[in-house]
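The values are calculated or read from the model by the stated rules, or taken from the named source; none is laboratory data. These numbers come from a predicted model, not from an experiment. Neighbour counts run over all protein chains shown; Cβ positions are idealised from the backbone, glycine included. The accessibility values were calculated without ligands, DNA or RNA, using every heavy atom of the protein model including side chains. Shrake-Rupley method; radii C 1.70, N 1.55, O 1.52, S 1.80 Å.
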Amino acid sequence: MIRGAHISADGMKNEKQRHEVLADNLANSSTSGYKSYNIVHKLKAQESTGVIVGSEAYDTHYDFSSGAMRQTGNPLDLAISGEGFFAVLDVQGDIAYTRNGHFNLDSNGFLVTQQGDQVLDGAFAPIYIGLEGVNSVNVLRNGNVQVNGDYVTTMQAFKFPENVGIIKKAQDKYVPAQEGIALETNFDTNIQQGFIEQSNVSSIKASTDMIQVQRNYESNQKAMKAQMDTMEMLVRISDLQ
């Protein structure tokens, strides 16, 4: 009876986690380059007996499938068609990776994200565009950057190697879970200028899943109450004997 109550309690906790994840995904359904995710759970067994006593959060799974492309016409809006991420340097001096290519120029003429992180080229150097005298900025599909028709650098899409853990940071940036991991650069992909990749969250599916999560939570809640009521009744019967 106690084991059943623990299983129901874990079920409620897990559904609460799923609800928080779905709410986060829904809140970012209009965020450029956002990737949906979910929490993976595993069964939890009692060490001494091996008997299943519930479940617990095990890992975070990210859906890195591409979102739809939206044309903006802004030459500083960039999208990766295919796999890969843009490399950026945050204000702490750490390199991270993002799919959000909604870029602009800072006061010094460097290409930056909406949060002010510097966008990096294939050599992990900040991309300088300039401010005065800039009449045109062209980014070719192979990543070559041209300012006023002159080549200045090459943007690079980076891909996480297979079986490498990924950690999500703030503002939809990602880093390898292990230090010293070199990301792949030799793969089929291209960069589209004047486009933004939209979120890959399906609002309809996420909303439907939230309804099911709520139902699962209520079912576990009812099961737990029934078990606790039964335990209370058995205690009362025992006291009467």
| Restricting the range 31-74 to residues that are of a type in the set (Ser, Thr, Tyr) and modelled with pLDDT under 90, which is surrounded by the fewest Cβ atoms within 10 Å (Cβ to Cβ)? | SER48
| request: State all residues of the range 58-103 that are of a type in the set (Ser, Thr, Tyr) and either more than 18 Å from ASN200 (Cβ to Cβ) or not in a strand (DSSP E or B) (or both); if no residue qualifies, say none. | output: TYR58, SER65, SER66, THR72
| Does THR189 count as modelled with pLDDT of 95 or more and open to solvent by less than 50 Å² (accessible area, probe 1.4 Å)? | no
| Is at least one residue of the range 21-30 modelled with pLDDT under 75 and open to solvent by 50 Å² or more (accessible area, probe 1.4 Å)? | no
| task | Would you check which residues across the range 170-201 are closer than 20 Å to ASP63 by Cβ and free of Cβ contacts under 8 Å to residues at least 24 places away in the same chain and list them? | result | ALA170, PRO176, ALA177
| query | Can you name the residue in the range 166-182 that is open to solvent by 60 Å² or more (accessible area, probe 1.4 Å) and not in a loop (DSSP other than H, G, I, E, B) and is also nearest to TYR34 (Cα to Cα) among such residues? | reply | GLN171
| field | Single residue of ASN200, ASN216, ASN163 found to be open to solvent by 50 Å² or more (accessible area, probe 1.4 Å), of a type outside the set (A, V, I, L, M, F, W, C) and in a loop (DSSP other than H, G, I, E, B) | value | ASN163
| Residues within the range 89-112 that are within 17 Å of GLY143 (Cα to Cα) and either aromatic (Phe, Trp, Tyr) or crowded, with 18+ Cβ neighbours inside 10 Å (or both), tallied | 10
| Among the candidates TYR174, TYR217, TYR151, residue that is within 30 Å of GLY109 (Cα to Cα), more than 19 Å from the chain's Cα centre (by Cα) and not β-branched (Val, Ile, Thr) | TYR151
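Determine, yes or no, whether VAL152 is open to solvent by less than 40 Å² (accessible area, probe 1.4 Å), modelled with pLDDT of 95 or more and not in a loop (DSSP other than H, G, I, E, B). Explain how you work it out, then say what you get.
Numbers: open to solvent by less than 40 Å² (accessible area, probe 1.4 Å): no; modelled with pLDDT of 95 or more: yes; not in a loop (DSSP other than H, G, I, E, B): yes.
Taking the combined requirement at face value, the residue does not satisfy it.
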